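Chemist: Handing you this structure, nothing more for now.
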Amino acid sequence: MLQKYILMFLGMAGIFLGFENPVKTIPFAVLLYPFSLYVLAHTSKNYVRETLIMGMFGYGSAFYWLAVTAHRYGEIPYALAVFFPLLLGFYFAVYGTLLAVYSRKIMHAAPFYKICSLGLGWYFCELFRAWFLTGFPWFTLSSAFAPLPVMVQTVSIFGSYVLSGLFAMAAFFLAELMLAAQKRKQTGKLRSFGRMGDYAGILLLVLIYFYGAVTLQNVPQTDYESTTNIMHKKLDVSYLAAHESPSMQGQSLHKVLRFADKDAVNFSIIQGNISQNIKWSPLFQNDSLQKFFRLTEEASRTVKSESIFIYPETAFPITSYYNKELYQKVLDFSANKTLLFGIPYLEDAGKYYNSIELVQNGKSLAMYEKEHLVPFGEYVPAVPFLSSFNEILAKYGGAYSLGQNEQPVMHVRFQDKDIHILPLVCYEAIFPELSWKRLQKDFAHVLLNVSNDAWYDKSSAPYQHLNLARMRSVECGLPMIRASNTGISAFIDQYGQIILQSDLFTDESLTMPLPVRPYEPTVFVVIAPYLPYLGIALFIFLQMIGILHARLNILHRTAENLQD
């Protein structure tokens with residue numbers, strides 16, 4: 001009786017501590033969740049209820065920031081807002097419980113067959129969750145290890161969902177080892193699947209680590225020269241009372257990394273740090289523009305060389321259709337600059353897009369429209385009783401249309417170089433297929449993720465979002481530029497390592513040269529379309545082995561009974 005409550009607590013704590021949280025992040029702790037699922041399924045009669053409760057409160061606690069957002073921007077009382085993370089936690093818990101049910105069904109099967117089948121099941125669950133109801137692949141098991149780049153290098157071969165399955169298998173092997181030890185203690189019978197099998201979980205984790213260590217050891221080391229310049233200023237915003245961020249202390253930070261490389265191009269991220277409370281108010285639109293312009297000029301003086309300036313999602317909360325005068329200021333400001341910025345775009349047909357625009361030397365050259373929108377954040381599903389959410393969206397930017405891009409990779413001509421940039425707007429960075437599908441049609445030199453995580457205040461959500469984005473760099477084998485309105489902005493290398501990053505809720509710029517070199521696709525980019533089919537084939541093969549093994553056992557027992 002006591003054991004099941006301990007397991008439930010360990011599973012809940014493993015989810016909370018394994019992913020980014022405000023207390024202490026311990027990536028390996030996340031393995032306690034699949035470990036507990038496996039043991040409960042094998043030992044408890046009420047395992048369905050217990051695994052649902054464990055997953056709901058575990059994931060619900062990790063999603064705690066949803067209650068903050070719902071209360072602050074949805075104006076929902078905390079007493080009700082707390083049910084949002086629990087509801088989403090319950091949805092995530094269902095997948096774990098389904099795996100527990102399957103584990104129960106095959107609990108008497110051979111351990112290797114059982115654990116490999118469950119590992120594939122974990123892979124299919126994450127893959128399905130990334131697609132079902134437009135998909136929400138947050139808290140993939142592998143993303144918990146993003147802060148430890150040595151543990152995620154295999155995603156360049158298999159992708160993040162397969163790596164999640166491998167981590168789950170490691171936890172299942174360890175759980176099976178514990179159950180075998182308990183069985184041996186109770187009955188005195190040796191229940192083992194071989195010396196190597198007993199330690200297969202640890203061996204699998206060691207192999208994942210070893211591959212990552214070898215990969216990172218072969219990475220060329222670059223000697224960076226770093227500079228941090230603090231610019232003191234007279235505040236250029238007139239809404240001190242409304243703006244609740246620490247940036248009002250009267251300084252902006254400009255961080256620069258330099259290294260000598262003739263193929264490198266400077267990119268400068270401008271983190272404007274505009275409060276979500278006033279971001280969309282017409283009273284402050286000009287102030288927001290002016291703040292970004294000033295930070296850009298300060299960054300230019302710090303770097304003392306040309307850069308491509310990168311601004312966050314909806315950095316300029318205007319449209320060229322309704323705000324022609326303000327939009328012209330942006331074009332005028334770009335007279336001798338190259339800017340990539342987030343801006344809403346309104347077509348003549350009345351469609352409204354969350355976009356990235358390329359402006360150079362006073363001319364708009366290209367536009368990318370976001371293709372994967374956030375339900376209830378950027379659009380409301382066409383259900384009558386949900387129409388009230390449209391009022392909330394209108395207050396914070398409005399509902400968007402789904403983008404259709406003929407050219408999903410943006411081409412920038414800068415310093416006699418053709419630079420190919422693969423854009424991902426905010427939420428799009430958590431979906432692997434958006435990156436690899438585009439790279440199969442075109443090539444890129446860098447991934448660009450523009451975001452606005454101001455919604456989440458000083459919570460764990462920006463860190464969780466950053467870790468998911470880091471996985472795309474490793475999968476694609478490309479560096480990433482991540483520009484976020486209030487942070488976390490960062491330069492990430494192709495191995496998921498953060499080279500330079502900003503703080504949360506600061507006025508800040510980051511500048512770093514990135515080499516423009518021919519793209520070599522990773523194994524994952526090449527085989528990604530075939531992985532689900534390979535997984536299905538392997539799963540069917542394992543089921544056939546399981547059926548054959550069960551029938552052989554029946555024949556063996558029948559033969560023993562006849563002899564008796």
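The values are calculated or read from the model by the stated rules, or taken from the named source; none is laboratory data. Here the structure is a predicted model, which means the values were calculated and not measured. Cβ coordinates were reconstructed from backbone atoms using ideal geometry, including for glycine residues, and neighbour counts include every protein chain displayed. Quick note on the areas: whole protein, heavy atoms, side chains included, nothing else; ligands and nucleic acids left out. Shrake-Rupley method; radii C 1.70, N 1.55, O 1.52, S 1.80 Å.
Chemist: In the stretch 399-410, which residue that is open to solvent by 30 Å² or more (accessible area, probe 1.4 Å) and among the aliphatic types (A, V, I, L, M) is nearest to LEU514 (Cα to Cα)?
Modeler: Selected residue: LEU402.
Chemist: Are there any pairs with C-beta distances below 7 angstrom linking a residue in the stretch 178-193 that is at negative phi and of a type in the set (A, V, I, L, M) to a residue that is at pLDDT 75 or above and open to solvent by less than 70 Å² (accessible area, probe 1.4 Å), with the two at least 6 apart or on different chains, and if so which?
Modeler: That search, which allows pairs on different chains as well, returns MET178/VAL39; LEU179/VAL39; LEU179/HIS42.
Chemist: Go through (1) of a type in the set (Ser, Thr, Tyr); (2) modelled with pLDDT of 95 or more; (3) open to solvent by 10 Å² or more (accessible area, probe 1.4 Å) and name the single condition TYR427 misses.
Modeler: The failed condition is (2).
Chemist: Just for helices (runs of 4 or more DSSP H) wholly inside the stretch 4-88: which have at least 2 residues that are over 30 Å from SER275 (Cα atoms) and not basic (Lys, Arg)? Give the steps one after another, and end with the answer.
Modeler: On the way: elements: 32-43, 47-62, 65-73, 78-81.
Helices (runs of 4 or more DSSP H) meeting the threshold: 32-43, 47-62.
Chemist: Listed residues LEU295, LEU289, LEU283; which is part of a helix (DSSP H, G or I) and either more than 23 Å from ILE488 (Cα to Cα) or open to solvent by 30 Å² or more (accessible area, probe 1.4 Å) (or both)? Don't jump to the end; show me each part of the working.
Modeler: Details: LEU295 fails: either more than 23 Å from ILE488 (Cα to Cα) or open to solvent by 30 Å² or more (accessible area, probe 1.4 Å) (or both); LEU289 fails: either more than 23 Å from ILE488 (Cα to Cα) or open to solvent by 30 Å² or more (accessible area, probe 1.4 Å) (or both).
Answer to the selection: LEU283.
Chemist: Do you know which of the residues in the stretch 451-509 that are open to solvent by 10 Å² or more (accessible area, probe 1.4 Å) and aromatic (Phe, Trp, Tyr) is modelled with the lowest pLDDT?
Modeler: Checking each candidate, the answer is TRP455.
Chemist: On to the next question. Which count do you get for residues in the stretch 198-231 that are within 30 Å of SER300 (Cα to Cα) and surrounded by 15 or more Cβ atoms within 10 Å (Cβ to Cβ)?
Modeler: Narrowing the stretch 198-231 to residues within 30 Å of SER300 (Cα to Cα): 220-231.
From what's left, surrounded by 15 or more Cβ atoms within 10 Å (Cβ to Cβ): 229, 231.
Within the stretch 198-231, residues that are within 30 Å of SER300 (Cα to Cα) and surrounded by 15 or more Cβ atoms within 10 Å (Cβ to Cβ) number 2.
Chemist: Taking the stretch 329-365 as the search range and keeping residues that are of a type in the set (A, V, I, L, M) and surrounded by fewer than 17 Cβ atoms within 10 Å (Cβ to Cβ), which one is farthest from TYR73 (Cα to Cα)?
Modeler: The initial filter retains those residues of the stretch 329-365 that are of a type in the set (A, V, I, L, M), namely 330-331, 335, 339-340, 343, 346, 349, 356, 358-359, 365.
Add one more test, that the residue is surrounded by fewer than 17 Cβ atoms within 10 Å (Cβ to Cβ), and what stays is 331, 335, 349, 365.
Working: LEU331: 32, ALA335: 37, ALA349: 30, LEU365: 35 Å.
Here the residue is ALA335.
Chemist: From the residues in the stretch 332-369 that are closer than 25 Å to ALA454 by Cβ and aliphatic (A, V, I, L, M), which one is modelled with the lowest pLDDT?
Modeler: The selected residue is LEU346.
Chemist: Can you tell me which residues in the stretch 298-329 are under 20 Å from PRO423 (Cβ atoms) and part of a loop (DSSP other than H, G, I, E, B)?
Modeler: Scanning the stretch 298-329 gives SER307, TYR311, PRO312, GLU313, THR314, ALA315, PHE316, PRO317, ILE318, THR319, SER320.
This table checks each residue for (1) closer than 24 Å to GLY60 by Cα; (2) outside any helix (DSSP H, G or I).
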position: TRP138; (1), (2): yes, yes
position: SER156; (1), (2): no, no
position: SER164; (1), (2): yes, no
position: PHE167; (1), (2): yes, no
position: GLU176; (1), (2): no, no
position: LEU179; (1), (2): no, no
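Chemist: Consider the stretch 87-116. How many of its residues are closer than 19 Å to ALA200 by Cα and surrounded by 15 or more Cβ atoms within 10 Å (Cβ to Cβ)?
Modeler: Number satisfying all stated conditions: 9.
Chemist: A further question on this structure: Residue check, ASN277 against (1) without any contact (Cβ under 8 Å) to a residue 60 or more places away in the chain; (2) open to solvent by less than 10 Å² (accessible area, probe 1.4 Å), all met but one. Which one?
Modeler: (2)
Chemist: Can you tell me how many residues in the stretch 50-64 are in contact with a Ser or Thr (Cβ under 9 Å, 6 or more places away or on another chain) and surrounded by fewer than 22 Cβ atoms within 10 Å (Cβ to Cβ)?
Modeler: 2
Chemist: Every residue in the stretch 510-550 that is part of a strand (DSSP E or B), buried (at least 21 other Cβ atoms within 10 Å of the Cβ) and not β-branched (Val, Ile, Thr), please.
Modeler: So the first thing to find is which residues in the stretch 510-550 are part of a strand (DSSP E or B), and the list is 510-515.
Still in the running and buried (at least 21 other Cβ atoms within 10 Å of the Cβ): 510-514.
Selection gives LEU510, MET512, PRO513, LEU514.
Chemist: Among the listed residues ALA146, ALA81, identify the single one that is open to solvent by less than 10 Å² (accessible area, probe 1.4 Å) and under 22 Å from GLU378 (Cβ atoms). It would help to see each step written out before you state the result.
Modeler: Details: ALA146 fails: under 22 Å from GLU378 (Cβ atoms).
Checking each option against the conditions leaves just ALA81.
Chemist: Open to solvent by 40 Å² or more (accessible area, probe 1.4 Å), over 29 Å from SER334 (Cβ atoms), modelled with pLDDT of 90 or more and not in a loop (DSSP other than H, G, I, E, B) - does that describe any residue in the stretch 411-418?
Modeler: So the first thing to find is which residues in the stretch 411-418 are open to solvent by 40 Å² or more (accessible area, probe 1.4 Å), and the list is 411, 413, 415-418.
With the extra rule that they be over 29 Å from SER334 (Cβ atoms), the set shrinks to none.
No, that holds for no residue.
Chemist: Please determine, by comparing only the residues of the stretch 370-395 that are in contact with a strand residue (DSSP E or B) (Cβ under 7 Å, 6 or more places away or on another chain) and modelled with pLDDT under 95, which one is most open to solvent (accessible area, probe 1.4 Å).
Modeler: Taking the stretch 370-395 first, the residues in contact with a strand residue (DSSP E or B) (Cβ under 7 Å, 6 or more places away or on another chain) are 370, 373, 378, 381.
Narrowing the set further to residues that are modelled with pLDDT under 95 leaves 373, 378, 381.
Numbers: LEU373: 11, GLU378: 12, PRO381: 39 Å².
Per the criteria, the residue is PRO381.
Chemist: Let me ask you something else. Taking only the stretch 74-114 into account, find how many residues are at pLDDT 95 or above, among the β-branched types (Val, Ile, Thr) and over 23 Å from the mean Cα position of the chain (by Cα).
Modeler: Summing the residues that are at pLDDT 95 or above, among the β-branched types (Val, Ile, Thr) and over 23 Å from the mean Cα position of the chain (by Cα) in the stretch 74-114 gives 2.
Chemist: Further, regarding this structure: Being touching a residue at least 60 places away in the same chain (Cβ under 8 Å) and either in contact with a Phe, Trp or Tyr (Cβ under 7 Å, 6 or more places away or on another chain) or outside any loop (DSSP other than H, G, I, E, B) (or both) is the filter here, so list the residues in the stretch 140-154 that pass it. Reasoning before the result, please.
Modeler: So in the stretch 140-154, the residues touching a residue at least 60 places away in the same chain (Cβ under 8 Å) come out as 140-153.
THR140, LEU141, SER142, SER143, ALA144, PHE145, PRO149, VAL150, MET151, VAL152, GLN153, listed by residue number.
Chemist: Would you be able to tell me the number of residues in the stretch 434-450 that are open to solvent by 10 Å² or more (accessible area, probe 1.4 Å) and either assigned to a loop (DSSP other than H, G, I, E, B) or acidic (Asp, Glu) (or both)? Let's see the steps before the verdict.
Modeler: First, the residues of the stretch 434-450 that are open to solvent by 10 Å² or more (accessible area, probe 1.4 Å): 434, 436-443, 445.
With the extra rule that they be either assigned to a loop (DSSP other than H, G, I, E, B) or acidic (Asp, Glu) (or both), the set shrinks to 442-443, 445.
Number of matching residues: 3.
Chemist: Let me ask something additional. Are there any pairs, at least 6 apart or on different chains, whose C-beta atoms fall under 6 Å, with the first in the stretch 164-177 and among the charged types (D, E, K, R) and the second in a helix (DSSP H, G or I), and if so, which?
Modeler: Between residues of the stretch 164-177 that are among the charged types (D, E, K, R) and residues that are in a helix (DSSP H, G or I), the close pairs are GLU176/PRO111.
Chemist: Name the single residue, out of those in the stretch 37-47 being touching a helix residue (DSSP H, G or I) at 6+ places or on another chain (Cβ under 6 Å) and more than 17 Å from ALA180 (Cβ to Cβ), that is surrounded by the fewest Cβ atoms within 10 Å (Cβ to Cβ).
Modeler: Once the filter is applied, the top-ranked residue is SER44.
Chemist: Taking the stretch 122-136 only, how many residues are outside any loop (DSSP other than H, G, I, E, B), open to solvent by 40 Å² or more (accessible area, probe 1.4 Å) and at negative phi?
Modeler: Initial filter on the stretch 122-136 (outside any loop (DSSP other than H, G, I, E, B)): 122-129, 132-134.
Still in the list and also open to solvent by 40 Å² or more (accessible area, probe 1.4 Å): 124, 127-128, 132-134.
Next, from what is left, pick out any that are at negative phi: 124, 127-128, 132.
Adding up the residues that qualify gives 4.
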